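K.L.:
A single structure is presented below for examination.
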Amino acid sequence: MYTIQLRKWLAAALLAFFALALVWGMWSLQSQQHLAGEVIRLHVIADSDSAEDQRLKLRVRDAVLEQAEQWLQGVEDRDAAEEILRTRLMDLRDLAAEVVRSAGYAYEVDAWLTPETYPTRDYGAFSLPGGEYLSLRIVIGEGEGHNWWCVVYPPLCTAAATGELEEKASAAGLSKADIGLITRDGEGCTVRFKSIELWEKWVGKWSRGPAQT
């Protein structure tokens, strides 16, 4: 009798756990998808992992962020920012190529505005969950080096460095709830966002079913 009751209790506890996991996973995924509709990420990929190529990557990053912030100043939503970046995409590519040439390198530079899957990233002052985002992707040379991930709109990375993160985020249309979501609780924020990645992997594996042999 005791064994039967224990099994029922364990079954109920397991069911409750999966129900909570489902609710949490759906909320986390919706949070990521909402944020993805508010921001445009930046992905700069170096030619190689040599110290020189990594320094060059950062010079390209700085130039692109500075120019993009000027063009996007006063823009209040992501759709408008996307339109401007698409219009000026070749200008950004040429800017990056000029930085490369002025540093004495002959690498080709490519630039796209395209959906990309990002990992969860902690930038110190804020964190962003992993998932698919619209991304300004800049590849230097062979693009075989370490990459640099951040945000081109709103200019959260530069704003974090100057202590203007909340001001810049708010000016770009992020709500107080959005800003609170990406900035609160330090490491706890990153842990919550990591759960989104785990949830998506679990759902993807479950939806595909067992591996075929």
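What follows is calculated from the coordinates using simple rules that are stated; it is not laboratory data. Owing to the predicted nature of the structure, the values given are computational and were not obtained by experimental measurement.
K.L.:
If you wrap a convex hull around the Cα atoms of the range 102-160, how much volume per residue is inside, in Å³?
P.N.:
That works out to 116 Å³ per residue.
K.L.:
Find the relative contact order for the range 34-195 and round it to a whole percent, using C-alpha pairs within less than 8 Å whose residues are 6+ positions apart.
P.N.:
Result for the range 34-195 is 35 percent.
K.L.:
Separate question: In whole Hz, what ³J(HN,Hα) sequence does the range 72-85 give by Karplus (6.51, -1.76, 1.60; θ = phi - 60°), x for Gly and Pro?
P.N.:
9, 4, x, 6, 10, 8, 5, 4, 5, 5, 4, 4, 5, 5
K.L.:
As an exercise, take the mean of 1/r over every pair of distinct alpha carbons in the range 50-185, invert it, and state the Kirkwood radius in angstroms.
P.N.:
Answer for the range 50-185: a Kirkwood hydrodynamic radius of 15.7 Å.
K.L.:
Hey, another quick one. Full-extension gain between ALA51 and ASP110, please, as 0.36 nm times their residue separation minus the C-alpha to C-alpha distance.
P.N.:
19.1 nm
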